[in-house]
Amino acid sequence: MHKTIIISLIAISLLVIADGLRAGERKKVHIKSTVDGTMQPAYVILPDGFEPGGKPRPLLVSLHTWSNGVEQRQPHLEKEAARLGWIYLFPHFRGPNRNPKACASPEARQDIIDALDWALEKYPIDKRRIYLCGASGGGHMALTMAGRFPKRWTAVSAWVPISNLAAWWRFHGDKSYGLNVVAVCCGRPGDSAEVDRQYFERSPINFLNRAVGLPLEIAAGVHDGHKGSVPIRHTLEAYNVLAKAQGKPEITEKEIRQLSRPKGRLENPLPSDQIEDPTFKRAIYLRRQAGNTRVTIFEGGHERLAHAAVEWLKGHVKEP
């Protein structure tokens, strides 16, 4: 009888790690920045059935949106991670994009890498399955991390991303998000060589050619830019960088303009543009593939389809 009690207590204790986090619980942690030594917050959620000494689990690193920080909840993505039994990590990376230390700064980029390294040290993670996902401002950062650190990820899924900050400032001007960009880059495009350098360094489109070979999904709703804050040109031009780098056909300017109209449609869609994807459960108006890079324009607006994102991610496993 005593053996049974002891075994039961051991089994229960395995569900609790040293820092007191139980499976299914969302807990805030603080991770020391390797750039400036500050303690940066993050949240972690362990899946049901997780055991510290158990089998390695896939890791999903999820990124907050443009105007949010670590306290943002992403319930649909959290639910998908739980369904698949993945560890879920949500870093802060300097919070809302309203100051120079946020928005793809060296500090913000390293915060994500520091959080990843912390998780790899803390938990049994399947290193063949480390996934990154972001939407809107998180999509901007997902593309940034894909271009800057392509070897750290198994696959990256970026939804309705901002790929070019100067173009996004021109779209919004001196209002709302445009003023955020001015605050981040300390000026408007053309103000000085240093300001222009900030726009360049923080725009993932300038570094995506480094992500050739990394499985990368970029997707946007066709109405974004009309009923949303990020024109789909950001998605399509990001894809074109990787298509060009691989010597694959690019989406033409004519096609970009056709899709960018209100209720935009391609006049001469390719067979790949007319597929039905059961993970999206939406009409698809463009679907192209260049090597490991996939782009989709779907019926929708400024949004992420969480189920479609994780279903695409889980299909990728790194070679040992």
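Does R148 satisfy the condition of being of a type in the set (D, E, K, R) and closer than 26 Å to L236 by Cα? So that I can check it myself, show each step before the final result.
On the way: of a type in the set (D, E, K, R): yes; closer than 26 Å to L236 by Cα: yes.
When the stated conditions are applied, R148 passes them.
Here is a check on your reading of the model: is E107 in contact with a helix residue (DSSP H, G or I) (Cβ under 6 Å, 6 or more places away or on another chain) and of a type in the set (D, E)? Give the derivation first.
On the way: in contact with a helix residue (DSSP H, G or I) (Cβ under 6 Å, 6 or more places away or on another chain): no; of a type in the set (D, E): yes.
No.
How about the stretch 110-138: which of its residues are surrounded by fewer than 20 Cβ atoms within 10 Å (Cβ to Cβ) and touching a helix residue (DSSP H, G or I) at 6+ places or on another chain (Cβ under 8 Å)?
Of everything in the stretch 110-138, those that are surrounded by fewer than 20 Cβ atoms within 10 Å (Cβ to Cβ) and touching a helix residue (DSSP H, G or I) at 6+ places or on another chain (Cβ under 8 Å) turn out to be I113, I125, K127.
Could you list all residues from the stretch 208-220 that are surrounded by fewer than 19 Cβ atoms within 10 Å (Cβ to Cβ) and either of a type in the set (F, W, Y) or over 10 Å from G291 (Cα atoms) (or both)?
Those that are surrounded by fewer than 19 Cβ atoms within 10 Å (Cβ to Cβ) and either of a type in the set (F, W, Y) or over 10 Å from G291 (Cα atoms) (or both): N209, R210.
When you scan the stretch 218-227, do you find a residue that is in contact with a helix residue (DSSP H, G or I) (Cβ under 6 Å, 6 or more places away or on another chain) and under 26 Å from R202 (Cβ atoms), even just one?
Step one: of the stretch 218-227, the residues in contact with a helix residue (DSSP H, G or I) (Cβ under 6 Å, 6 or more places away or on another chain) are 218, 220.
Then drop every residue that is not under 26 Å from R202 (Cβ atoms), which leaves 218, 220.
Yes, that holds for at least one residue.
For (1) in contact (Cβ under 8 Å) with a residue 60 or more places away in the chain; (2) in contact with a His (Cβ under 7 Å, 6 or more places away or on another chain); (3) not in a loop (DSSP other than H, G, I, E, B), each residue gets a yes or a no:
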{"site": "P52", "(1), (2), (3)": "yes, no, no"}
{"site": "L60", "(1), (2), (3)": "yes, no, yes"}
{"site": "R73", "(1), (2), (3)": "no, no, no"}
{"site": "Y88", "(1), (2), (3)": "no, no, yes"}
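Only helices (runs of 4 or more DSSP H) wholly contained in the stretch 100-215 count here; list those with 1 or more residues that are closer than 29 Å to P52 by Cβ and not acidic (D, E).
On the way: elements: 106-122, 137-148, 165-172, 176-185, 193-201.
Answer list for the stretch 100-215: 106-122, 137-148.
Name the single residue that is surrounded by the most Cβ atoms within 10 Å (Cβ to Cβ) among those in the stretch 228-244 being out of contact with any helix residue (DSSP H, G or I) (no Cβ under 8 Å at 6 or more places or on another chain) and either closer than 21 Å to R304 by Cβ or at pLDDT below 95 (or both).
Top of the filtered list is T235.
Can you list residue pairs whose Cβ atoms sit under 9 Å apart, with the first residue in the stretch 297-318 being outside any loop (DSSP other than H, G, I, E, B) and modelled with pLDDT under 95 and the second being buried (at least 21 other Cβ atoms within 10 Å of the Cβ) and polar (S, T, N, Q)? Count only pairs 6 or more apart in sequence or on different chains.
Every condition considered, no pair remains.
Filter the stretch 150-183 for residues that are buried (at least 21 other Cβ atoms within 10 Å of the Cβ) and of a type in the set (A, V, I, L, M); which is nearest to R197 (Cα to Cα)?
L165
Take the conditions buried (at least 17 other Cβ atoms within 10 Å of the Cβ) and either more than 29 Å from K151 (Cβ to Cβ) or among the basic types (K, R) (or both) and apply them to S260. Does it pass?
Details: buried (at least 17 other Cβ atoms within 10 Å of the Cβ): yes; either more than 29 Å from K151 (Cβ to Cβ) or among the basic types (K, R) (or both): yes.
So S260 fits the description; yes.
Would you tally the residues in the stretch 154-190 being at pLDDT below 95 and closer than 16 Å to G134 by Cβ?
Of the residues in that region, 0 qualify.
For residues in the stretch 245-292 being touching a strand residue (DSSP E or B) at 6+ places or on another chain (Cβ under 9 Å) and in a helix (DSSP H, G or I), which is farthest from H307 (Cα to Cα)?
Ranking the qualifying residues of the stretch 245-292, first place goes to A245.
Could you pull out the residue among N180, N209 that is more than 25 Å from P75 (Cα to Cα), in contact with a Phe, Trp or Tyr (Cβ under 8 Å, 6 or more places away or on another chain) and not hydroxyl-bearing (S, T, Y)? Let's see the steps before the verdict.
Values: N209 fails: in contact with a Phe, Trp or Tyr (Cβ under 8 Å, 6 or more places away or on another chain).
Matching residue, one of N180, N209: N180.
The values are calculated or read from the model by the stated rules, or taken from the named source; none is laboratory data. This one's a predicted model, so the numbers in the text were calculated from it and none came from an experiment. With ideal geometry, Cβ positions are generated from the backbone for all residues, glycine too; neighbour counts draw on all protein chains shown.
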